1. Does the range 56-110 hold any residues that are surrounded by fewer than 18 Cβ atoms within 10 Å (Cβ to Cβ), of a type in the set (S, T, N, Q) and assigned to a loop (DSSP other than H, G, I, E, B), and which are they?
2. Restricting attention to the range 111-135, which residues are at pLDDT 80 or above, open to solvent by less than 60 Å² (accessible area, probe 1.4 Å) and within 16 Å of the chain's Cα centre (by Cα)?
3. Which residues, counting only those in the range 199-217, are part of a helix (DSSP H, G or I) and within 19 Å of Gln173 (Cβ to Cβ)?
4. Is it the case that some residue within the range 85-107 is in contact (Cβ under 8 Å) with a residue 24 or more places away in the chain and touching a His at 6+ places or on another chain (Cβ under 8 Å)?
5. Could you list all residues from the range 12-35 that are of a type outside the set (S, T, N, Q), touching a residue at least 12 places away in the same chain (Cβ under 8 Å), open to solvent by 50 Å² or more (accessible area, probe 1.4 Å) and not in a loop (DSSP other than H, G, I, E, B)?
6. For the range 38-55, how many residues meet the condition of being open to solvent by less than 70 Å² (accessible area, probe 1.4 Å) and either part of a loop (DSSP other than H, G, I, E, B) or under 17 Å from Leu108 (Cβ atoms) (or both)?
7. Being part of a strand (DSSP E or B) and of a type in the set (Asp, Glu) is the filter here; which residues of the range 144-175 pass it?
8. So Leu5 ticks every box in (1) under 14 Å from Leu108 (Cα atoms); (2) surrounded by fewer than 19 Cβ atoms within 10 Å (Cβ to Cβ); (3) within 19 Å of the chain's Cα centre (by Cα) but one. Which box is left unticked?
Amino acid sequence: MANILIVEDEKNMQDIIAEYMQRGGHTCFTADDGVDALMILKNNPMDLMILDIMMPHLDGFSVCKMAREMSSLPIIMLTAKESEYDKLKGYDLGADDYMTKPFSPKVLLAKANALLRRSSALLIDTMNAGKISLAPASHKVFVDGQEIVLTHKEYELLYFFMVNPGQIFSREQLLNRIWGYDFEGLTRTVDTHIKTLRKKLGDEGKHIVTLIRSGYKFEVAV
């Protein structure tokens, strides 16, 4: 169904994750460290990456940051630490979900499938708002004809805003819609992602309007 890259230096854990992903019908690629992971990403189209934080040569945070410069694929990070700081750092770098070791491989597969469904190609050819053009089938975004690179969450936010123009959404609603109801992060995660999204959109970032004490809405003048 999908190409999944598993980046895990513990061979036993790598094999267990691959086994469950394959049971779910997916094709698995594996890397023992961050350097190999980036080479695989560069040379093969991937639909999702499962990424351990603690690895030799290049840690998961560095891989996540570099991967985001190459692709908007969903990323699930694995960590042995129960640290809010680690989770916030991962989300700020573009991770889409987190699992803390030890974890259930069945739950990991369920999370992977949920992310793949949410990022799957849609039937709409192109959506336009102002000088922004969004192609759901390829997950590409253009501003005034120039392609811009968004993280997976930035893309999902922009898409959600564009299909719901003029509607006001609180930070809690955006967390639930984009990150999911089981997300344990803070509402400032929304503010951080919208700040970077606006920056990447340049002058067209004006369409994302902040409403004091209410949240955000996407506004396009007719």
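The values are calculated or read from the model by the stated rules, or taken from the named source; none is laboratory data. Since we're looking at a predicted model, the values are computed, not measured. Using ideal geometry, Cβ is built from the backbone for each residue, glycine included, and neighbour counts are taken over all protein chains shown. Side chains included, ligands, DNA and RNA excluded: accessible areas come from the protein's heavy atoms. Shrake-Rupley method; radii C 1.70, N 1.55, O 1.52, S 1.80 Å.
1. Ser83, Ser104
2. Lys111, Ala112, Asn113, Ala114, Leu115, Leu116, listed by residue number.
3. His207
4. Within the range 85-107, one or more residues are in contact (Cβ under 8 Å) with a residue 24 or more places away in the chain and touching a His at 6+ places or on another chain (Cβ under 8 Å).
5. Matches in the range 12-35: Ile16, Glu19, Arg23, Phe29, Val35.
6. Going through the range 38-55 one residue at a time, the tally reaches 10.
7. Hit for the range 144-175 is Glu147, nothing else.
8. Going through the list (1) under 14 Å from Leu108 (Cα atoms); (2) surrounded by fewer than 19 Cβ atoms within 10 Å (Cβ to Cβ); (3) within 19 Å of the chain's Cα centre (by Cα), Leu5 breaks only (2).
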